[in-house]
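Engineer: One structure coming up, written as structure tokens, with questions to follow.
The values are calculated or read from the model by the stated rules, or taken from the named source; none is laboratory data. Keep in mind the model is a prediction, meaning the values are calculated, not measured. Note: ideal-geometry Cβ built from the backbone for every residue, glycine included; neighbour counts use all protein chains shown. Accessible surface is based on the protein model in full, side chains and every heavy atom, while ligands, DNA and RNA are left aside. Shrake-Rupley method; radii C 1.70, N 1.55, O 1.52, S 1.80 Å.
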Amino acid sequence: MEIPRVPAQGFLGVLPETALSRSIDAWLTRIGRWTSWLWLLLLSIIVINVVLRYAFGEGRIEFEEIQWHLYSTGFLLGLSYAYQADAHIRVDVLHERLSPLAQAWIELYGILLFLLPFIALVLIFAVPFVWTSIELREVSQAPGGLPMRWLIKAALPIGFVLLLLAAVSRLSRIWVFLFLQDRH
């Protein structure tokens, strides 16, 4: 399944690429393409589960759980791709009307004051959360549920490390635009 490359428009289109951003963005694009297959797998499992439940009267708890696991993994791993490709949802009432310079300053402060601290907070709490699950060899509490609960919990710090990389990539581009590029 091919993820269409979102064309750089508006603000993202004026940001210069850096060696760091090219490297990180290439990795995030590969991960985004791989992650896109999870949605097809999720859809298939949902269809199988619905057919089993309504045609044969048999529900499977492991199918229910794998649906949640795939959805969570797809969201957490796809988040970094969406951010680096500027394909995430924004409410740009004022942002679009501002100059690229003003947009860059807002983005810089947004990353430094909100995104990076949020990522750090999630990682500070997620790593011990996963580690405890591994130590306890945690499994689903539901009869017939999935083993290795730590595996789905590990998607949380992995997803946020990827989001951190996407933020670093964007930050490097903004930094060059604001402080190292001659815009005259």
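Engineer: Sort through ILE119, ILE61, ILE66 and tell me the only one that's out of contact with any helix residue (DSSP H, G or I) (no Cβ under 8 Å at 6 or more places or on another chain), touching a residue at least 12 places away in the same chain (Cβ under 8 Å) and β-branched (Val, Ile, Thr). Working first, answer last.
Structural biologist: Numbers: ILE119 fails: out of contact with any helix residue (DSSP H, G or I) (no Cβ under 8 Å at 6 or more places or on another chain); ILE66 fails: out of contact with any helix residue (DSSP H, G or I) (no Cβ under 8 Å at 6 or more places or on another chain).
That would be ILE61, the only listed residue that is out of contact with any helix residue (DSSP H, G or I) (no Cβ under 8 Å at 6 or more places or on another chain), touching a residue at least 12 places away in the same chain (Cβ under 8 Å) and β-branched (Val, Ile, Thr).
Engineer: Right, something else. Could you tell me which numbered condition GLU96 fails, if it satisfies all but one of (1) at pLDDT 95 or above; (2) within 17 Å of LEU15 (Cβ to Cβ)?
Structural biologist: Exception for GLU96: condition (1).
Engineer: All but one of (1) charged (D, E, K, R); (2) crowded, with 17+ Cβ neighbours inside 10 Å; (3) at pLDDT below 90 hold for ASP25; which doesn't?
Structural biologist: (3)
Engineer: Taking ILE158, is it β-branched (Val, Ile, Thr), open to solvent by 50 Å² or more (accessible area, probe 1.4 Å) and either touching a strand residue (DSSP E or B) at 6+ places or on another chain (Cβ under 9 Å) or under 22 Å from ILE24 (Cα atoms) (or both)?
Structural biologist: For ILE158, the condition - β-branched (Val, Ile, Thr), open to solvent by 50 Å² or more (accessible area, probe 1.4 Å) and either touching a strand residue (DSSP E or B) at 6+ places or on another chain (Cβ under 9 Å) or under 22 Å from ILE24 (Cα atoms) (or both) - is met.
Engineer: Also: What about LEU146, is it crowded, with 17+ Cβ neighbours inside 10 Å, modelled with pLDDT under 90, within 26 Å of GLY32 (Cβ to Cβ) and among the hydrophobic types (A, V, I, L, M, F, W, C)?
Structural biologist: Considered against the rule, which asks whether it is crowded, with 17+ Cβ neighbours inside 10 Å, modelled with pLDDT under 90, within 26 Å of GLY32 (Cβ to Cβ) and among the hydrophobic types (A, V, I, L, M, F, W, C), LEU146 comes out as yes.
Engineer: Out of (1) within 20 Å of the chain's Cα centre (by Cα); (2) within 30 Å of GLY59 (Cα to Cα); (3) open to solvent by less than 20 Å² (accessible area, probe 1.4 Å), what's the single condition that is false for ALA166?
Structural biologist: So the condition that ALA166 fails would be (2).
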